Amino acid sequence: MTSRLRFVIRRLLLTIPVLLVMSIIVFLIIRLVPGDPVRTMLGFRATAENVEQVRHELGLDRPIVTQYFDFLGGLLRGDLGTDIVSHASLADLLAQRLPVTFELTGLAMLIAVLVGVPLGVRAATGGRWIKRATEGFVVLGVSIPDFWLGIMLVLVFASTLVLLPPSGYVPFEVAPLDNLRYMALPVLTLAVGEAAYILRTTRSAVESVMTRPFVGFLRAKGVSESRIVFGHALRNAAPSIVTVIGIQVGVLLGGAIIIETLFALPGVGRLVVTAINQRNYPTVQVGVLAIAAIFILVSLVTDLVVGWLDPRVSDGAAT
Amino acid sequence: MTALLSLTDMEVRFGAAESMASAVDSVSLEVKSGEIFGIVGESGCGKSTLANAVMGLLPGAAHVDGSAKLQNREVLGLDEKSLRALRGDEMSMIFQDASASLDPTWPVGDQIAETIRAHRKVSRREAKQQAIDLMTEVGIPDAASRYGDAPHRLSGGMRQRIVIAAALANQPKLLIADEPTTALDVTIQAQVLQLIRRLRDDHGTTVVLITHDLGVVAEICDRVGVMYAGQLVEVADTADLFAAPRHPYTRALLAASPGVPTESRRLATIPGQVPAPSDQIPGCRFQERCPRRLETCMTTPHREPVFPNEVACWNPEPLPAGMASPTDLLGEK
Amino acid sequence: MTATIVAPATPQRRSKRASNNAVLAGAIILGLLALVAIFAPLLAPHDPETVVADQVLGAPSLEHPFGSDALGRDVLSRVMFGLRVSLLVSLAAVLVSTAIAVPLGLLAGYFGGLTDTAISRVLDMVLVLPALLLAITFIAILGPGSTVAALAIAVIYLPILARVMRSSTLVVTRNDYVLGARARGAGHLRVLIGHVAPNALGPVIVQASVLSAFALQLEAALSFLGLGTQPPTPSLGGMLSDGRDVLSQAPWVEIFPGLTIVVAVLSFTLLGEGLRRAFDPKGVAA
């Protein structure tokens, strides 16, 4: 078990430089803005004193190295600064916005996995008909931009059939059923494309496992075909599927930025887009930071799960 | 002794076209209960295809004709369900590369218990205990603690022992071993062969051992069949075959592997090339490379059914003085 | 050695033919779309930016086959000009990215060691953020617009393309003719340009055509968010954003630009997947 423990520790340590790089990128956002970022933020009608005051509040008048360590210290203390427009605490803002993004991406991924994995297995082991049908679903699912799919779903389910609201949001704890009604279309929109990717990955991973020699030996042992597929092929395909799910969480977080804007969901993605359009750089920084941190965390968890699923990875042995 | 496995006119073709020649061409043979029967030949001669056909493990594109009876029960043409009930229970097969035969993600012990539970209604715990006993029997030290190990933590020889234990878990009547030692070091090879022989002695399991290595044949086989280009060309007791090979191909094969029985060697020193299955050859398929070729060999294949100490050849090597064979009259014209 | 002896030849031939058909179909549709984009000023029946008051939200008709939008502008003409911008931005992005990625991957794969480590680590930094978030961060800094959007997309694809180039360079470098050229005393530059690069490019081209499909989607997404191409220049993503408010009255404003994106993405995908099957059977370009 020591090699496993070493694997976990090594992977945890590897996260530190990644977090540092991420923090530098986020730190630089405001400082790389061409010209005077504060002037850009406040607009040309702002007075010189006003500009200087905000510059001082943001610490932009200090040496850059000091600025970075102040920034890092703030992050570690949980002090994320304040929103330039609303003067609200960004930490509070994030606490409001994050649950929306989590609900959206979490539900979408859940549905995508529940649909994509079983269909992928069927596509890998089934007859020609199911192969063709899933192939078509994959090509369309990958080719249709999610925001257009969302618009078309609104056209069908909200404008025409009037079954679901076209946009808006109610927190789950206020009205659970209404919350789900508002979430239905955005979640469905994100889930379709994801399901296509997961289906495709599952199919090719299971297909390739089914050609491996040990499947021949399982048949020679008289093991049933369904047990071979679900007990062995899917088990061996699991690391690749989990890896792709981990990567796709990043795609999903990107998709959430668009989908939250489209459906007027008050999540972190919409926060960032609005902030960019308002030149509200501190808020952009915090939003980017939050999404990137989730992404890095998910990558970490994915790698640990893959290591646990495939003992050869955590033992450091070559395949 | 009675025949445990009898094959009659076994034929395996790939693809639909009638013109496609057979990968296995009218092979008939009987394997007696309790013996170790070797099938030897170069790679591509059809020996593995023959074994997989008996097991019902060929892909759907393969057409199998003829008859294969296990204890007088026809196994060709059985539906998948009945085949599955036979495989791992009445007959088992092990493959060349043990590392590739084990699921890398499953603990080795569970892969043995799986065979048991596929055929017997026993509890998990009982299956586990039986698997540990089997691991001990095939010579894995400290079996209980190795039960949960992933395959990559075991050496190649140990993995092959696990594979053998998994194949023999239900005490099948027949074990087909396809190049079971080819992927192993020479010293480990000998141990695994010893193990196969010991298991045969203890349980009376009939073994069909497929190999390209005459050294392996000499070491453990009771009788041996020689295959060339999809056909069975000679069947003999092992001692007789080495002492007096009858078919010119067998003779060439022996000549090409001088190091018997210590060293395995690829059989590359026979002049000419093995014909491809698609080549249409009237007459004997060995004619091009044969030093004893007659006119007849060019036109008529020797298709006499092959039984003990028989040889499918119009002009076989003469028997040395003192050895007599019932086929002498047939062979010498 | 064992069970699978003669793989039946037919399915392989069938998939080969299917992939040829896919390449052909993708290429033809893309060619048509490219022609429309290039000759949009000649082909478009109306000016894409002219506001016509009595044509507001006009349904599709002979005069306006795709209808007209909330400002009475002809949707067909706007789709043609939008396609022009979208193709231009996405292709420019992929070309720029490939032009930078190829030498980087080549150097990393050929020299290995420290060069490889340095290049790979720097490129890995880009992968710290999810792709769309990185593009948005880029735009947050430099401000919205087509050029910035193209640059942002190029940056995202840099590590992917460089990685593919690196691994195919690794494969090619081990070949005898490269070793032979070195043994005959050819210099590194000569070997790289004359022998390694031409043979290692295949997977990169495949990957670039696959990425073009995503680039097109990404450009549309950025313009949809108001971060890419800015109005009044028509862009497919921007049209989708404008039409959202009138979706229930005039769905054609949303349907046609979206369908155009889908067809363009689909043809890039067909082309890319077909090329992959033809040139890269081992799947170096993942």
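The values are calculated or read from the model by the stated rules, or taken from the named source; none is laboratory data. Here the structure is a predicted model, which is why all the values come from computation and not from measurement. Counting neighbours? That spans all protein chains shown, and the Cβs are built from the backbone with ideal geometry, glycine included. Just the protein is used for accessible areas: all its heavy atoms, side chains included, with ligands, DNA and RNA removed. Shrake-Rupley method; radii C 1.70, N 1.55, O 1.52, S 1.80 Å.
Mind checking whether some residue in the range B:81-88 is in contact (Cβ under 8 Å) with a residue 40 or more places away in the chain and not acidic (Asp, Glu)?
If we filter the range B:81-88 for residues that are in contact (Cβ under 8 Å) with a residue 40 or more places away in the chain, which is where we start, we get B:88.
With not acidic (Asp, Glu) added as a condition, the list becomes B:88.
Yes: one or more hits.
Suppose we filter the range C:61-73 for residues that are open to solvent by 60 Å² or more (accessible area, probe 1.4 Å) and closer than 18 Å to C:Met239 by Cα; how many remain? Can you show your working first?
So in the range C:61-73, the residues open to solvent by 60 Å² or more (accessible area, probe 1.4 Å) come out as C:62-63, C:71.
From the residues that got through so far, the ones that are closer than 18 Å to C:Met239 by Cα too are C:71.
The qualifying residues number 1.
Kindly establish whether C:Leu266 is within 18 Å of C:Val36 (Cβ to Cβ), open to solvent by 10 Å² or more (accessible area, probe 1.4 Å) and either hydrophobic (A, V, I, L, M, F, W, C) or touching a residue at least 12 places away in the same chain (Cβ under 8 Å) (or both). Spell out the reasoning first.
On the way: within 18 Å of C:Val36 (Cβ to Cβ): yes; open to solvent by 10 Å² or more (accessible area, probe 1.4 Å): yes; either hydrophobic (A, V, I, L, M, F, W, C) or touching a residue at least 12 places away in the same chain (Cβ under 8 Å) (or both): yes.
Spelling it out, C:Leu266 is indeed within 18 Å of C:Val36 (Cβ to Cβ), open to solvent by 10 Å² or more (accessible area, probe 1.4 Å) and either hydrophobic (A, V, I, L, M, F, W, C) or touching a residue at least 12 places away in the same chain (Cβ under 8 Å) (or both).
For the range B:213-247, which residues satisfy the criterion of being open to solvent by 20 Å² or more (accessible area, probe 1.4 Å) and outside any strand (DSSP E or B)?
The first filter runs over the range B:213-247 and keeps only residues open to solvent by 20 Å² or more (accessible area, probe 1.4 Å), leaving B:218-219, B:222, B:231, B:237, B:239-240, B:242-243.
Within the range B:213-247, B:Ala218, B:Glu219, B:Asp222, B:Ala239, B:Asp240, B:Phe242, B:Ala243 qualify.
Filter the helices (runs of 4 or more DSSP H) completely within the range C:193-286 down to those with at least 1 residues that are of a type in the set (S, T, N, Q) and at pLDDT 90 or above.
Details: elements: C:197-224, C:236-242, C:252-279.
It comes to C:197-224, C:252-279.
Does B:Thr181 satisfy the criteria of being surrounded by 18 or more Cβ atoms within 10 Å (Cβ to Cβ), part of a loop (DSSP other than H, G, I, E, B) and free of Cβ contacts under 8 Å to residues at least 40 places away in the same chain? Give the derivation first.
On the way: surrounded by 18 or more Cβ atoms within 10 Å (Cβ to Cβ): yes; part of a loop (DSSP other than H, G, I, E, B): yes; free of Cβ contacts under 8 Å to residues at least 40 places away in the same chain: yes.
Answer is yes for this residue.
Scan the range A:292-314 for residues that are within 9 Å of another protein chain (Cβ to nearest Cβ) and either touching a Lys or Arg at 6+ places or on another chain (Cβ under 9 Å) or without any contact (Cβ under 8 Å) to a residue 40 or more places away in the chain (or both) and jot them down.
A:Leu309, A:Pro311, A:Arg312, listed by residue number.
So, restricting to helices (runs of 4 or more DSSP H) that lie completely within the range B:81-142, which ones have at least 1 residues that are closer than 22 Å to B:Gly204 by Cα?
Filter on the range B:81-142 gives B:108-119, B:124-137.
Do we have B:Asp110 as more than 22 Å from the chain's Cα centre (by Cα), within 11 Å of chain A (Cβ to nearest Cβ) and more than 24 Å from B:Ala51 (Cα to Cα) here?
Yes; evaluated as a whole, the condition is true for this residue.
Every residue, every condition in (1) in contact with a helix residue (DSSP H, G or I) (Cβ under 9 Å, 6 or more places away or on another chain); (2) closer than 30 Å to A:Gln67 by Cβ, yes or no:
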{"residue": "A:Ile245", "(1), (2)": "yes, no"}
{"residue": "A:Val251", "(1), (2)": "yes, no"}
{"residue": "A:Gly254", "(1), (2)": "yes, yes"}
{"residue": "A:Thr261", "(1), (2)": "yes, no"}
{"residue": "A:Asn277", "(1), (2)": "no, yes"}
{"residue": "A:Val288", "(1), (2)": "yes, yes"}
{"residue": "A:Val298", "(1), (2)": "yes, yes"}
{"residue": "A:Leu304", "(1), (2)": "yes, no"}
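Considering A:Leu72, A:Leu19, A:Leu76, A:Leu107, which residue is over 21 Å from A:Ile276 (Cα atoms) and loosely packed, with under 12 Cβ neighbours inside 10 Å?
On the way: A:Leu72 fails: loosely packed, with under 12 Cβ neighbours inside 10 Å; A:Leu19 fails: loosely packed, with under 12 Cβ neighbours inside 10 Å; A:Leu107 fails: loosely packed, with under 12 Cβ neighbours inside 10 Å.
Unique residue meeting the criteria: A:Leu76.
Report whether or not C:Val164 is touching a helix residue (DSSP H, G or I) at 6+ places or on another chain (Cβ under 9 Å) and either charged (D, E, K, R) or surrounded by fewer than 23 Cβ atoms within 10 Å (Cβ to Cβ) (or both).
Details: touching a helix residue (DSSP H, G or I) at 6+ places or on another chain (Cβ under 9 Å): yes; either charged (D, E, K, R) or surrounded by fewer than 23 Cβ atoms within 10 Å (Cβ to Cβ) (or both): no.
For C:Val164, the condition - touching a helix residue (DSSP H, G or I) at 6+ places or on another chain (Cβ under 9 Å) and either charged (D, E, K, R) or surrounded by fewer than 23 Cβ atoms within 10 Å (Cβ to Cβ) (or both) - is not met.
Somewhere in the range A:61-82, is a residue touching a Ser or Thr at 6+ places or on another chain (Cβ under 7 Å) and closer than 30 Å to A:Met183 by Cα?
yes
Among residues belonging to the range A:271-286 that are within 24 Å of A:Ala184 (Cα to Cα) and free of Cβ contacts under 8 Å to residues at least 40 places away in the same chain, point out the one that is farthest from the other protein chains (Cβ to nearest Cβ).
A:Thr274
Search the range C:158-182 for residues that are without any contact (Cβ under 8 Å) to a residue 24 or more places away in the chain and pair each with any residue that is assigned to a helix (DSSP H, G or I) when their beta-carbon atoms are under 7 Å apart and the residues are at least 6 apart or on different chains.
C:Tyr177/C:His195; C:Val178/C:Val172; C:Val178/C:Val191; C:Val178/C:His195; C:Val178/C:Val196; C:Ala181/C:Val191; C:Ala181/C:His195; C:Arg182/C:Val191
Among the residues of the range A:125-134, is there at least one that is small (Gly, Ala, Ser) and touching a residue at least 12 places away in the same chain (Cβ under 8 Å)? Break it down stepwise before answering.
Just the residues of the range A:125-134 that are small (Gly, Ala, Ser), to begin with: A:126-127, A:133.
Now narrow it down to the ones that are touching a residue at least 12 places away in the same chain (Cβ under 8 Å): none.
Checking the range A:125-134: not a single residue is small (Gly, Ala, Ser) and touching a residue at least 12 places away in the same chain (Cβ under 8 Å).
Tally up the residues in the range A:1-51 that are of a type in the set (Phe, Trp, Tyr) and either touching a strand residue (DSSP E or B) at 6+ places or on another chain (Cβ under 6 Å) or touching a residue at least 12 places away in the same chain (Cβ under 8 Å) (or both), please. Can you show your working first?
First, pick out the residues of the range A:1-51 that are of a type in the set (Phe, Trp, Tyr): A:7, A:27, A:44.
Narrowing further to those that are either touching a strand residue (DSSP E or B) at 6+ places or on another chain (Cβ under 6 Å) or touching a residue at least 12 places away in the same chain (Cβ under 8 Å) (or both): A:7, A:27.
Total satisfying the criteria: 2.
Suppose we filter A:Val117, A:Val113, A:Val154 for residues that are open to solvent by 40 Å² or more (accessible area, probe 1.4 Å) and in contact (Cβ under 8 Å) with a residue 12 or more places away in the chain; which single one remains?
Numbers: A:Val117 fails: open to solvent by 40 Å² or more (accessible area, probe 1.4 Å); A:Val154 fails: open to solvent by 40 Å² or more (accessible area, probe 1.4 Å).
So the residue among A:Val117, A:Val113, A:Val154 that is open to solvent by 40 Å² or more (accessible area, probe 1.4 Å) and in contact (Cβ under 8 Å) with a residue 12 or more places away in the chain is A:Val113.
For the list (1) of a type outside the set (Phe, Trp, Tyr); (2) open to solvent by 40 Å² or more (accessible area, probe 1.4 Å); (3) in contact (Cβ under 8 Å) with a residue 60 or more places away in the chain, I need the number of the one condition that B:Asp142 fails.
Tallying (1) of a type outside the set (Phe, Trp, Tyr); (2) open to solvent by 40 Å² or more (accessible area, probe 1.4 Å); (3) in contact (Cβ under 8 Å) with a residue 60 or more places away in the chain, B:Asp142 fails exactly one: (3).
Looking at the range C:132-140, is at least one residue within 25 Å of C:Gly202 (Cβ to Cβ), out of contact with any helix residue (DSSP H, G or I) (no Cβ under 6 Å at 6 or more places or on another chain) and touching a residue at least 12 places away in the same chain (Cβ under 8 Å)? Break it down stepwise before answering.
Let us first name the residues in the range C:132-140 that are within 25 Å of C:Gly202 (Cβ to Cβ), namely none.
So far as the range C:132-140 goes, no, none of its residues is within 25 Å of C:Gly202 (Cβ to Cβ), out of contact with any helix residue (DSSP H, G or I) (no Cβ under 6 Å at 6 or more places or on another chain) and touching a residue at least 12 places away in the same chain (Cβ under 8 Å).
May I ask you to list the residues in the range B:84-106 that are aliphatic (A, V, I, L, M) and more than 8 Å from every other protein chain (Cβ to nearest Cβ)? Give the derivation first.
Looking only at the range B:84-106, we keep the residues that are aliphatic (A, V, I, L, M), and these are B:85-86, B:91, B:93-94, B:98, B:100, B:102.
Of everything in the range B:84-106, those that are aliphatic (A, V, I, L, M) and more than 8 Å from every other protein chain (Cβ to nearest Cβ) turn out to be B:Met91, B:Ala98.
Of all the residues that make up the range B:40-69, how many are open to solvent by 10 Å² or more (accessible area, probe 1.4 Å) and either in a strand (DSSP E or B) or among the aliphatic types (A, V, I, L, M) (or both)?
Summing the residues that are open to solvent by 10 Å² or more (accessible area, probe 1.4 Å) and either in a strand (DSSP E or B) or among the aliphatic types (A, V, I, L, M) (or both) in the range B:40-69 gives 10.
From (1) open to solvent by 30 Å² or more (accessible area, probe 1.4 Å); (2) of a type in the set (Val, Ile, Thr); (3) facing another protein chain (nearest Cβ under 9 Å); (4) not in a helix (DSSP H, G or I), pick out the condition that doesn't hold for A:Val223.
Condition not satisfied by A:Val223: (1).
Please specify each residue of the range C:175-188 satisfying the condition of being farther than 22 Å from C:Arg276 by Cα and at pLDDT below 80. First the steps, then the outcome.
Filtering the range C:175-188 for residues farther than 22 Å from C:Arg276 by Cα gives C:176-188.
Scanning the range C:175-188 gives C:Asp176, C:Tyr177, C:Val178, C:Leu179, C:Gly180, C:Ala181, C:Arg182, C:Ala183, C:Arg184, C:Gly185, C:Ala186, C:Gly187.
So that you can scan it fast, the table gives a plain yes or no per residue for (1) hydroxyl-bearing (Ser, Thr, Tyr); (2) closer than 30 Å to C:Gln230 by Cα; (3) surrounded by 14 or more Cβ atoms within 10 Å (Cβ to Cβ):
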{"position": "C:Ser86", "(1), (2), (3)": "yes, yes, yes"}
{"position": "C:Val89", "(1), (2), (3)": "no, yes, yes"}
{"position": "C:Val94", "(1), (2), (3)": "no, yes, yes"}
{"position": "C:Ala101", "(1), (2), (3)": "no, yes, yes"}
{"position": "C:Leu104", "(1), (2), (3)": "no, no, yes"}
{"position": "C:Thr115", "(1), (2), (3)": "yes, no, yes"}
{"position": "C:Phe138", "(1), (2), (3)": "no, yes, yes"}
{"position": "C:Ser146", "(1), (2), (3)": "yes, yes, yes"}
{"position": "C:Thr173", "(1), (2), (3)": "yes, no, yes"}
